[in-house]
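Peer 1: Let me give you the structure first, and then I'll get to my questions.
The values are calculated or read from the model by the stated rules, or taken from the named source; none is laboratory data. All of these numbers come straight from a predicted model, not from anything done at the bench. All Cβ positions, glycine included, derive from the backbone under ideal geometry; neighbour counts span all protein chains shown. Surface accessibility is based on the protein's heavy atoms, side chains included, excluding ligands, DNA and RNA. Shrake-Rupley method; radii C 1.70, N 1.55, O 1.52, S 1.80 Å.
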Amino acid sequence: MRRGITATALVATLALAATACGGDDESGGSKSSGELSGTVTWWDTSNVGSEDKVFKKIAEGFEKKHPKVDVKYVNVPFGEAQNKFKNAAQAGSGAPDVIRSEVAWTPELADLGYLAPLDGTAALKDDSDFLKQAAASTKYKGKTYAVPQVIDSMGIFYNKKMFADAGVEPPAKIADLKTVAEKIKKKTGKTGLYLRGDDSYYFLSFLYGEGGDLVDADAKTVTVDNAAGVKAFGVVKDLVDSGTAKTDATDGWENMMQSFKNGDVAMMINGPWAVADTLTGKEFTDKANLGISTVPAGTAGQGAPQGGHNLGVYAGSKNLDASYAFVEYMTSVEAQAQTAGELNLLPTRTSAYSKKEAVNSEIVQFFKPVVETAVERPWIPETGSLFAPLNVEYTKVLTGQTTPEKAAKATGDSYRKLLKGWK
């Protein structure tokens, strides 16, 4: 979110005083003897009950390697972490040494002065090994402010047994999606697709599929309200109105996951971060029943968003050396191979894809080419803030409270207020 001149000045003051007033009170450590020590507080935003256990285990491995360092692991709900971190950083108290952030948060947090630049530090060991598209989200104004931990995109998750019962194949296009859903309804009585309605990140594949985008950062132009944007809103509205998909206005993640895991719907749009949770459902006690295919293409082609998570170091950390080392450890080839094997998450390091854990993961192998062609979001400070007004209009369209034309216009108007001077 744009914070204005006064906030920027405050951020600069905080950044200059970083080593004196920031971080956890227990974070102080030193490397004067050549050995890391002290506390590193890490805010992990991964899914509770699946991903968090693995990441915590990997973090404990860092403690074994550096016995004088205590990693204080804190799992912070993803939806709360961004604002919670910004509030703590602005106050100069309570922020973690390291945060796991969604890729779009990095340029904003860097612009605010809350992240330490990592160029030349231990955090960026072997940085040439990172995938180009993963590294892109970590840079801002010529400096590197985070290290890519995982990269992802989206696909259609489908219930193979339900598809077999209905005699259908994964849909390649939106028109196919409607046909498949009709056959599934007729044969099984189940709804074809659960379309998450309270998070517009799930709208991006449809927007890109119609040739649209949120903004054109190079031209400093808002594009969400052009003809392609209006058409994309119309596509998702039609999916719900036609009965192809069911949706929601609240609790979208939980409703979607439970519906799919319990066999109430045959498909959902999701990413590799959802695999571990999906496999806990009764429909997938046999893991082979989970199928994944590309998101159906729109009239302009197939387009899925590039997502992922980065690790950033708080500029006010009292234990920068240990924090840099921790970030390097958590994004190492070995750590990424482990998460590929145990969680089916995609590595951001090229060399990690040759490790047996990644090679043996069908999910990783499926999503790798999807990620390579995924659409990057604009890496501007306001990228994360673009979703709030879009969420409102997306939900209103899906629940029949507005039209695609009005939704696109309202979103565009909000963007132009947020992005001062943009067309």
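Peer 1: In segment 164-220, carbon and sulfur make up what percent of the accessible area (probe 1.4 Å)?
Peer 2: The value for segment 164-220 is 43 percent carbon and sulfur by accessible area.
Peer 1: Do the alpha carbons of any pairs in 183/409; 65/355; 86/125 sit beyond 25 Å of each other, and which pairs?
Peer 2: Values: 183/409 35 Å; 65/355 22 Å; 86/125 27 Å.
Table pairs above 25 Å Cα-Cα are 183/409; 86/125.
Peer 1: Farthest toward the dipole's positive end in the chain, which of 208, 378, 323, given Cβ charges of +1 (Lys, Arg) and -1 (Asp, Glu) about the Cα centre?
Peer 2: Ranked along the dipole, the leading option is 208.
Peer 1: Tell me, what % of the accessible area of segment 356-423 is carbon and sulfur with a 1.4 angstrom probe? Provide the component values of the computation, followed by the final result.
Peer 2: Details: 1740 of 3250 Å².
About 54 percent, which is the carbon plus sulfur part of the accessible surface.
Peer 1: Let me ask you something else. May I ask you to derive the relative contact order of segment 305-381, considering only C-alpha pairs under 8 Å and at least 6 residues apart, and to give it as an integer percent? Walk me through the numbers before you get to the answer.
Peer 2: Values: 64 pairs, mean separation 22.7, N = 77.
Reported as a whole number, the value is 29 percent.
Peer 1: Once phi is turned into ³J(HN,Hα) by the Karplus curve 6.51 cos²θ - 1.76 cosθ + 1.60 with θ = phi - 60°, what whole-Hz value does each residue of segment 42-47 show in order, with x for glycine and proline?
Peer 2: 10, 8, 9, 10, 6, 5
Peer 1: Give, rounded to the nearest 20 debye, the magnitude of the charge dipole that segment 241-370 has about its Cα centre when Lys and Arg contribute +1 at Cβ and Asp and Glu contribute -1 at Cβ. It would help to have the intermediate numbers written out before the result.
Peer 2: Values: 9 positive and 14 negative charges, 71 e Å.
Value, rounded to 20: 340 debye.
Peer 1: How big is the charge dipole of the chain about its Cα centre, in debye rounded to the nearest 20, if each Lys and Arg gets +1 on its Cβ and each Asp and Glu gets -1 on its Cβ? Intermediate results must be reported in sequence, preceding the final value.
Peer 2: Numbers: 48 positive and 52 negative charges, 126 e Å.
Using only the charged Cβ atoms, the result is roughly 600 debye.
Peer 1: Using θ = phi - 60° and the Karplus relation 6.51 cos²θ - 1.76 cosθ + 1.60, list the HN-Hα couplings for segment 362-371 in order, rounded to whole Hz, with x at every Gly or Pro.
Peer 2: Karplus-based 3J(HN,Hα) across segment 362-371 equals 4, 5, 4, 5, 5, 6, 4, x, 5, 5 Hz.
Peer 1: Take every Cα-Cα distance within segment 209-367, group them into 5 Å bins from 0 onward, and report for each bin the whole-number percent of pairs it holds.
Peer 2: Per 5 Å bin, starting at zero, the Cα-Cα P(r) for segment 209-367 comes out as 1, 7, 12, 14, 15, 15, 14, 12, 7, 3, 1, 0 percent.
Peer 1: If amide hydrogens are placed 1.01 Å from N in the peptide plane, which non-local residues have theirs closer than 5 Å to the one on residue 297?
Peer 2: Counting only residues 5 or more places away or on other chains, the set is 173, 174.
Peer 1: Something else now. Would you give the gap between the C-alpha center of segment 235-274 and the C-alpha center of segment 53-69, rounded to a whole Å?
Peer 2: 37 Å
Peer 1: Sticking with this one: Answer with one residue from 305, 284, 333: the one whose Cα lies farthest towards the positive end of the charge dipole of segment 253-347, charges on Cβ with Lys, Arg +1 and Asp, Glu -1.
Peer 2: So the residue furthest toward the plus end is 305.
Peer 1: Now for a separate question. Structure shown: which of 84/132; 231/368; 68/318; 178/237; 160/187 lie over 24 Å apart, alpha-carbon to alpha-carbon? List each step's numbers first, then the result.
Peer 2: On the way: 84/132 30 Å; 231/368 29 Å; 68/318 15 Å; 178/237 13 Å; 160/187 14 Å.
As for pairs spanning more than 24 Å Cα to Cα, those are 84/132; 231/368.
Peer 1: For the chain, just run the numbers: alpha carbon Rg, then divide by 2.2 N^0.38 Å, N being how many residues it has.
Peer 2: Values: Rg = 21.8 Å, N = 423, 2.2 N^0.38 = 21.9 Å.
Expressed relative to 2.2 N^0.38 Å, the Cα Rg reads 1.00.
Peer 1: Would you mind getting the accessible area per residue of the chain, heavy atoms of the protein chains only, 1.4 Å probe, in Å²?
Peer 2: Details: 17060 Å² over 423 residues.
About 40 Å² of surface per residue is accessible.
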